Amino acid sequence: MEEFQTEPFVYLSPALARAKGIADLDTVRVFNPVGEVKLRAKITDTVPGDCLLMYEAWFRKLDFNVQNLVDDEPADMGAYKTGAPGVAIHDQFADVARA
């Protein structure tokens, strides 16, 4: 991912950014009961008003991993496909605030 993006971003709609007092490229905190990450925000019309989008997993020189917000739970999907246990990765609920 570092070849395409030199740093991770959280993408949010203009309406959500206004409601949270966030400007484009502000450093923000994305958090939920599982954990939190700090990164810069990019405001875009391509994300629904009530959603956050983060798709970069990790960067070698940064303390960032989007998985820090993911609550995985055991599932039988791995056993069904590969014979080994697996986890169910799904959408997460999170909030965002200026850091």
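The values are calculated or read from the model by the stated rules, or taken from the named source; none is laboratory data. This one's a predicted model, so the numbers in the text were calculated from it and none came from an experiment. Backbone-built Cβ (ideal geometry, glycine too); neighbour counts: all protein chains shown.
Considering segment 10-35 alone, what residues qualify as being among the hydroxyl-bearing types (Ser, Thr, Tyr) and either free of Cβ contacts under 8 Å to residues at least 60 places away in the same chain or over 22 Å from Leu69 (Cα atoms) (or both)?
Tyr11, Ser13
Taking strands (runs of 3 or more DSSP E) that fall entirely within segment 17-99, which contain at least 3 residues that are at pLDDT 95 or above and of a type in the set (D, E, K, R)?
Result: empty, no element qualifies.
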